[in-house]
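Single-structure report; data block below.
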Amino acid sequence: MPRLIIDGQEIEVPKGITVLQACEMLGAEIPRFCFHERLSIAGNCRMCLVEQVGLSKLQPSCALSVDDLRPGNDGSPVKIRTNSRKVREARQGVMQFLLINHPLDCPICDQGGECDLQDQAMAYGVEKSRFHENKRAVEDRDIGPLVKTIMTRCIHCTRCIRFMTEVAGVAELGAIGRGEDMEIVTYLEQGMTSELQGNVIDLCPVGALTSRPYAFKARPWELSRTESIDVMDAVGSNIRVDTRGREVMRVLPRLNEGVNEEWISDKTRFSWDGLRLQRLDRPYIRKDGKLFSASWQDAFAAIACCAERTFANRIGAIAGDMASAEEMFAFKDLMVRLGVKSIDCRQDGTSLHPDLGRSTYLFNPTIEGIRHADSLLLIGTNPRLEASILNTRIRKRFLEGGFPIAVAGGVPDSSADLTYDYKYLGSNASLLEDIASGSHEFCCVLEASSHPMIMVGQGALRRPDGRALLVLAAQIAQRFGALSASWNGFSVLHTAASRVAGLDLGLVPYEGGHDVPSMVNAARKGALDLLFLLSADELDMSSLGAAFVVYIGSHGDAGASRADVILPGAAYTEKSGIYVNTEGRVQLAHRAIFPPGEAREDWSILRALSTVLGQTLPYDCLESLQEAMYASAPHLSEFDQIRSESARQVEALAALPVSELDSAPLGSAISDFYLSNPIARASAVMADLSFREKSRREAAGQSDA
């Protein structure tokens, strides 16, 4: 390992790192604008200059690898100085150059208070500038409804270009011109379309790219910060919710190397306006086909009246996709006490079941473990839409090379852009039988892999033949060595934030009970009289017949439109709770604000309702509820941990018989990335993005024709 002497201290560093990173290992602060740990080296801001003893010229530490340093003739380590007079003067000079054309608009800049240029100008700048010429002015570019441009501030660090090209995989930003005339623009003067474009706002060090929906809304020092977990998909991205008073002002990413690194999707970042729109803030009761506001007592009484005259076998309970583990546990507990057997958390009808073993419904390689895979088969999934942050991991592994990817359904055709190259096998479910039998041409690739990965999406599992497709996927994993003591490549990609926790807690029908499709069918035929919906909105509400529907949720979406009684619940930013992501990682979300009006946390609604129904739940605070839940599922108390599950469960799944396959093509679980849940559908920003995306696709289709 290379050895260096940095500011008089000797250190041994790993091979391949930069001098900048080596200096930071000793605690030396190195200013930078263009350098970012997750992007390629640009070396164009020159703020990170250091002095290498023996050389007259200062060196850019971000672009200098420790492997390129040669020890002295006597074998002595290279000496680096990070704070010598020569270095300080050089940094002051660089800062003056950067500020030659930068406008003095800090009072109106949304980056004010959290701007790298502000901070470094204070630390490394000088009191007066030697330059008095007129500043340049650059025309602002319209690059879409999310990112606001003030390009006069741009210092050409190119972080945004490198992110869009390397991480997002959509090369929509580039540089034109040279020197002072250089500008960052979108190609062909079009807006950005990537579902990760909002991350360039965090990357921009000077406020040239800021959040358009957040513009002029608040200053950083006005906001309260709360650590939470994203529920827009099943990845479980770590986020920070910034609030002022009782309103969410913005959502930002938090660093978690094992989950989202430091990125979040645009749906996570910009759907915060949907948290205050179309909210349910008081109970409602439907009379003569119309909803009227009511008191909690009247709403509970209406439910109790219906429950008293309804047999337990004619009652159903469905948990939605954004429910926390605590409220699902209380929901199940109440239903069991009422004798209800028709309980289900799989509102899309997926074929996963806890009786098959936890390993059969988890993303077993883990998100971080994608880097160990050497081939990938996608079945009925479009990870770019269903889990855009996880898709960046696939692209990252693809860029390393030696990672062939094949797609079986999930995307409409071979032209779909997943941000990486892949072989399109078709959308016919029968091709999985060919792969499982070893007769398909892609089998050669899987056989040559030591760590193959089989990823199954909800687009395959929610079909009527979903169980058969799940078994076939397990057979493929077993046949090609994806199941071993050191590697479990069988991966289920969920789209619902609550699904894994719901399966862990056993929210599936008891013997003799109905699953979601059967409940909907029974309600349509008049065989189901009472249906409880816990934030469940992704159902065909028109098929529920004359059933009495009780909806507990936060937004006036499909469930509330059909409900006979509405009990206003809390959104994910308004309650503390546990979520388990697609890989089985247990994470805790904290409450950032309180629910509006008379709305309450969902578990407390269930606790109050249980008393009225004569089956009082034995916990009256969140802590006691969690203790009861931990007793039922101990692994839910292991925060930020992933419990390893045996691959033998997948092997047992592979031994099950395969029923007849449906002839319908394999599709994706998500058709519109921006409108996939009640919060997103309430968001004006997401509605605009959805409209723009549909218009773009229609225009592209017409041009192709």
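The values are calculated or read from the model by the stated rules, or taken from the named source; none is laboratory data. Keep in mind the model is a prediction, meaning the values are calculated, not measured. Backbone-built Cβ (ideal geometry, glycine too); neighbour counts: all protein chains shown. All accessible areas refer to the heavy atoms of the entire protein, side chains included, with ligands and DNA or RNA removed. Shrake-Rupley method; radii C 1.70, N 1.55, O 1.52, S 1.80 Å.
Here are the numbers:
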quantity	calculated
Tally, over the stretch 187-203, of residues that are modelled with pLDDT of 90 or more and surrounded by fewer than 19 Cβ atoms within 10 Å (Cβ to Cβ)	2
Residue within the stretch 12-23 that is over 30 Å from Leu399 (Cα atoms) and either open to solvent by 20 Å² or more (accessible area, probe 1.4 Å) or at pLDDT 95 or above (or both) present	no
Residue match in the stretch 601-616 (condition: part of a loop (DSSP other than H, G, I, E, B), over 20 Å from Gly457 (Cα atoms) and under 28 Å from the mean Cα position of the chain (by Cα))	yes
Single unsatisfied condition, Gly339 versus (1) in contact with a helix residue (DSSP H, G or I) (Cβ under 7 Å, 6 or more places away or on another chain); (2) open to solvent by less than 20 Å² (accessible area, probe 1.4 Å); (3) of a type outside the set (A, V, I, L, M, F, W, C)	(2)
Answer from Val235, Val259 - the residue that is out of contact with any helix residue (DSSP H, G or I) (no Cβ under 6 Å at 6 or more places or on another chain) and β-branched (Val, Ile, Thr)	Val259
Residues of the stretch 423-455 that turn out to be assigned to a loop (DSSP other than H, G, I, E, B) and within 21 Å of Gly481 (Cβ to Cβ), as a count	9
Counted residues, the stretch 132-159 - those being in contact with a helix residue (DSSP H, G or I) (Cβ under 7 Å, 6 or more places away or on another chain) and open to solvent by less than 70 Å² (accessible area, probe 1.4 Å)	8
Residue ID - nearest to the chain's Cα centre (by Cα), chosen from residues in the stretch 304-331 that are farther than 23 Å from Ala523 by Cα and open to solvent by 10 Å² or more (accessible area, probe 1.4 Å)	Met322
Residues satisfying the stated conditions in the stretch 366-380, i.e. open to solvent by less than 10 Å² (accessible area, probe 1.4 Å) and touching a residue at least 12 places away in the same chain (Cβ under 8 Å)	Ile367, Ile370, Ala373, Ser375, Leu376, Leu377, Leu378, Ile379, Gly380
Qualifying residues in the stretch 653-705 (those that are open to solvent by 30 Å² or more (accessible area, probe 1.4 Å) and either among the aromatic types (Phe, Trp, Tyr) or touching a strand residue (DSSP E or B) at 6+ places or on another chain (Cβ under 9 Å) (or both)) - the one nearest to Ser554 (Cα to Cα)	Arg681
Boolean, Arg269 is of a type in the set (Lys, Arg) and open to solvent by 20 Å² or more (accessible area, probe 1.4 Å)	no
Residues within the stretch 162-180 that are over 20 Å from the mean Cα position of the chain (by Cα) and modelled with pLDDT of 95 or more, tallied	1
Any hit, the stretch 66-73, residues being among the β-branched types (Val, Ile, Thr) and modelled with pLDDT of 90 or more	yes
For Gln587: the one exception among (1) in contact (Cβ under 8 Å) with a residue 24 or more places away in the chain; (2) of a type in the set (S, T, N, Q); (3) touching a helix residue (DSSP H, G or I) at 6+ places or on another chain (Cβ under 9 Å)	(3)
In the stretch 546-563, the residues that are of a type in the set (Phe, Trp, Tyr) and under 18 Å from Ser293 (Cβ atoms)	Tyr551
Within the stretch 483-520, considering residues that are within 23 Å of Gly667 (Cα to Cα), small (Gly, Ala, Ser) and not in a loop (DSSP other than H, G, I, E, B), the one most open to solvent (accessible area, probe 1.4 Å)	Ser518
Single residue of the stretch 56-68 satisfying the filter (out of contact with any strand residue (DSSP E or B) (no Cβ under 7 Å at 6 or more places or on another chain) and in a helix (DSSP H, G or I)) that is least open to solvent (accessible area, probe 1.4 Å)	Asp67
Test: residue in the stretch 518-526 that is in contact with a helix residue (DSSP H, G or I) (Cβ under 6 Å, 6 or more places away or on another chain) and of a type in the set (D, E, K, R)	yes
Scan of the stretch 521-532 for residues that are closer than 26 Å to Ala608 by Cα and either crowded, with 22+ Cβ neighbours inside 10 Å or among the hydrophobic types (A, V, I, L, M, F, W, C) (or both), ordered by number	Leu528, Leu530, Leu531, Phe532
